[in-house]
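Q: Please see the structure below; I have some questions.
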Amino acid sequence: MYQVMKTKRLYAFALVIALLVSLLPITKANAAYNLAWSDEFNGTSIDQNNWSFEIGNGSGGWGNNELEYYTNRPENARVESGNLVIEARKENYGGMGYTSARLKSQGKKSFKYGRIEARIKMPKGQGLWPAFWTLGSDIGTVGWPKSGEIDIMEHVNNENNTHGYIHWDVNGHAQYGGASHAVDVTQYHVYSVEWTSSAIKWFIDGVQFKEANIANNVNSTEEFHKDHFLLLNMAVGGNWPGSPDGATAFPAKMYVDYVRVYQDGATPPPASGIVNGGTYKLINVNSGKALDVASAGTAPGTNVQIWSDNGSGAQKWTLYQNADGSYKLINVNSAHALDVAGSGTGDGTNVQVWNDLGNGAQKWNLIKNADGSYKLINVNNGKALDVSGSGTADGVNVQIWTDNGSGAQKWSLVKV
């Protein structure tokens, strides 16, 4: 994506590229990774702790003769209905004929190795060029292509496939990559790479379509053994796709449901703002009441409810991070874990305390909302910790329910 025109044929580095082509069979993605970081785009605005914006025309089209002016306006980038929306518009702005957005995690989030994926759907149209990619974090000092670049997903024009590439320096620019198998890009798909010390593999929906060998810095691939940051953007025009034509529909929208990074055996960072091993009370945003063990009970199976905040041990929970990045919540009074009854998965299944078993029914992903509150998503069933019927009275049951972003599913974590 960065300062290069790609084609569907090999360049002068044919011998280098031939050495990079793997003879391994097509494989499924590795399921052993642990979630290290994600942005689920479930708030009301773009999380500035994760992303910043590139602004402008890149001094003449970002090295690719692109035609857009990138902005940070909500017209071009926003969070909407659980998606990051990047919208390209046909309008005169900043001396260019189109606007769009380009987000990057530079200086905020960077990674070396793991599975990097995003669930995306895109528009088709002559001159459109959406992308999900990485750059080496040292680009500011070494420049491109010495920084290295991994193009996880690029799509141009009306093609029925995407592309995956790497770019690096071998006394000049080298690249390897190519087209995926057929895919309807206008529907959601998970685009990913699995990046290890020996190889980079490209996948769509878990099915591999390309692989590059980087073991032992073969062919000067040391660029791929250091931290990279993430980028999401939609270019308009440029050397590769060419210019839009009269059939290109604007505005054109790229939807990103989530971005996730998994790492093999890694210790995930704590959830934003959470102290591992810290004790908290959880105050429901809708009712203003605390997550409470009924009657300060200590027996397994005691119901969990909301109750007026009284500072008792029945309303204090110690949060311990699991190896997969989720948390268990241990009640201070009973020493039992916050648990979904019977490991249930249906809407309305009751929440209780139970002996600490370490199973999925007792694991909760803590996801920070834009207002600073958290939603707690149960690992076993993917549903949210919820106050039944959005109730506000003392004694209303707590349950699991499909994640809907309501106040009944938002909890302020107050450290005690």
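The values are calculated or read from the model by the stated rules, or taken from the named source; none is laboratory data. Here the structure is a predicted model, which is why all the values come from computation and not from measurement. Cβ: placed from backbone, ideal geometry, glycine included. Neighbour counts: every protein chain shown.
Q: Among the numbered criteria (1) within 20 Å of Asp386 (Cα to Cα); (2) at pLDDT below 95; (3) of a type outside the set (Val, Ile, Thr), which one does Asp292 miss?
A: Unmet for Asp292, out of (1) within 20 Å of Asp386 (Cα to Cα); (2) at pLDDT below 95; (3) of a type outside the set (Val, Ile, Thr): (2).
Q: Have a look at Gly301, Gly346, Gly358 and point out the one that is over 30 Å from the mean Cα position of the chain (by Cα), surrounded by fewer than 14 Cβ atoms within 10 Å (Cβ to Cβ), in the same structural domain as Trp411 (by TED's automatic domain parsing) and not hydroxyl-bearing (Ser, Thr, Tyr).
A: So the residue among Gly301, Gly346, Gly358 that is over 30 Å from the mean Cα position of the chain (by Cα), surrounded by fewer than 14 Cβ atoms within 10 Å (Cβ to Cβ), in the same structural domain as Trp411 (by TED's automatic domain parsing) and not hydroxyl-bearing (Ser, Thr, Tyr) is Gly301.
Q: Let me ask something else. Please count how many residues of region 360-375 are touching an Asp or Glu at 6+ places or on another chain (Cβ under 9 Å), among the hydrophobic types (A, V, I, L, M, F, W, C) and more than 14 Å from Phe41 (Cα to Cα).
A: 1
Q: Continuing with the same structure: Check Gly325, Gly372 and return the single one that is at positive phi, surrounded by fewer than 17 Cβ atoms within 10 Å (Cβ to Cβ) and not hydroxyl-bearing (Ser, Thr, Tyr).
A: Going through Gly325, Gly372 in turn, just one is at positive phi, surrounded by fewer than 17 Cβ atoms within 10 Å (Cβ to Cβ) and not hydroxyl-bearing (Ser, Thr, Tyr): Gly372.
Q: Does Gly382 fit the bill of being out of contact with any strand residue (DSSP E or B) (no Cβ under 8 Å at 6 or more places or on another chain) and in a helix (DSSP H, G or I)?
A: No.
Q: Which of the strands (runs of 3 or more DSSP E) found entirely inside region 49-146 contain at least 1 residues meeting this: at positive phi?
A: Correct list: 114-121.
Q: State all residues of region 100-126 that are farther than 23 Å from Ile200 by Cα and either surrounded by 24 or more Cβ atoms within 10 Å (Cβ to Cβ) or outside the structural domain of Gly238 (by TED's automatic domain parsing) (or both); if no residue qualifies, say none.
A: Those that are farther than 23 Å from Ile200 by Cα and either surrounded by 24 or more Cβ atoms within 10 Å (Cβ to Cβ) or outside the structural domain of Gly238 (by TED's automatic domain parsing) (or both): Ser100, Ala101, Arg102, Met122.
Q: Would you check if Val353 is in contact with a His (Cβ under 7 Å, 6 or more places away or on another chain) and not assigned by TED's automatic domain parsing to the domain that holds Asn83?
A: For Val353, the condition - in contact with a His (Cβ under 7 Å, 6 or more places away or on another chain) and not assigned by TED's automatic domain parsing to the domain that holds Asn83 - is met.
Q: Which ones in region 375-416 are surrounded by 21 or more Cβ atoms within 10 Å (Cβ to Cβ) and acidic (Asp, Glu)?
A: If the condition is that a residue be surrounded by 21 or more Cβ atoms within 10 Å (Cβ to Cβ) and acidic (Asp, Glu), then Asp386 is the only one that fits.
Q: Another question, if that's okay. Name the single residue that is modelled with the lowest pLDDT among those in region 295-311 being closer than 16 Å to Ser412 by Cβ and not polar (S, T, N, Q).
A: Gly311
Q: Something else now. Across region 385-398, what is the number of residues that are under 9 Å from Gln305 (Cβ atoms) and part of a loop (DSSP other than H, G, I, E, B)?
A: Total satisfying the criteria: 3.
Q: Condition check: surrounded by fewer than 20 Cβ atoms within 10 Å (Cβ to Cβ) and among the acidic types (Asp, Glu). Does Asp257 satisfy that?
A: yes
Okay, residues lined up against (1) modelled with pLDDT under 95; (2) of a type outside the set (Phe, Trp, Tyr); (3) over 25 Å from the mean Cα position of the chain (by Cα); (4) assigned to a loop (DSSP other than H, G, I, E, B):
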| residue | (1), (2), (3), (4) |
| --- | --- |
| Met234 | no, yes, no, no |
| Asn239 | no, yes, yes, yes |
| Gly242 | no, yes, yes, yes |
| Tyr255 | no, no, no, no |
| Arg260 | yes, yes, no, no |
| Pro270 | yes, yes, no, yes |
| Gly273 | yes, yes, no, yes |
| Ile283 | no, yes, yes, no |
